[in-house]
1. Rolling a 1.4 angstrom probe over the protein heavy atoms, how many square angstrom per residue are accessible across the chain?
2. Tell me, how many Å apart are the Cα centres for segment 78-101 and for segment 1-65?
3. Roll a 1.4 angstrom probe over the protein heavy atoms and tell me the percent of accessible area of segment 17-121 that is carbon or sulfur.
4. Averaging over all projection directions, find the projected area of the Cα convex hull of the chain and quote it in nm² with one decimal place.
5. About its Cα centre, how strong a charge dipole does the chain have in debye, to the nearest 20, once Lys and Arg get +1 and Asp and Glu get -1 at the Cβ?
6. Could you compute the net charge surrounding Asn108? Neighbours are other residues with a C-beta less than 10 Å from the C-beta of Asn108; K and R count +1, D and E count -1.
Amino acid sequence: QVQLVESGGGLVQPGGSLRLSCVASGRILGINDMGWYRQGPGNQRELVASITRYGSANYVDSVKGRFTISRDNAKNIVYLQMGSLKPDDTGVYYCTAEIVENMPVRRNNYWGQGTQVTVSS
């Protein structure tokens, strides 16, 4: 079994910055695409950013120029650096990853438990 654990959420004022981290652990042979979703109050979950194992990133239009997704393949970590935060960025942020496991070898999609980000004065 593989586990994803997010950290770094919290309360921040508009215009502030925050960095989210997600660590994968378990019987991991490799990790393919990783990404961050968020779900604001009363809203549907949306894909915020994704990144391939080779570093190619994509972002939802509302965060382009403000957020940066990155990863450390040696440590099985994906980050989301968030800057110029706005109240609309408020929500629960979830990490997801397609992970190649061993014993047996297979691919599975995993989700973290989520971390709360609140942008408010």
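The values are calculated or read from the model by the stated rules, or taken from the named source; none is laboratory data. The structure presented is a predicted model; accordingly, all values stated were derived computationally and were not measured. Positions of Cβ are backbone-derived with ideal geometry, glycine not excepted, and every protein chain shown enters the neighbour counts. When the accessible area is computed, the model is the full protein with side chains, heavy atoms only, and any ligands, DNA or RNA have been set aside. Shrake-Rupley method; radii C 1.70, N 1.55, O 1.52, S 1.80 Å.
1. On a per-residue basis, 55 Å².
2. 3
3. On segment 17-121, the fraction of accessible area on carbon and sulfur atoms equals 45 percent.
4. Mean shadow area of the hull around the Cα atoms is 7.0 nm².
5. With Lys and Arg at +1 and Asp and Glu at -1, about 180 debye.
6. That sum, taken over residues with Cβ under 10 Å, equals 0.
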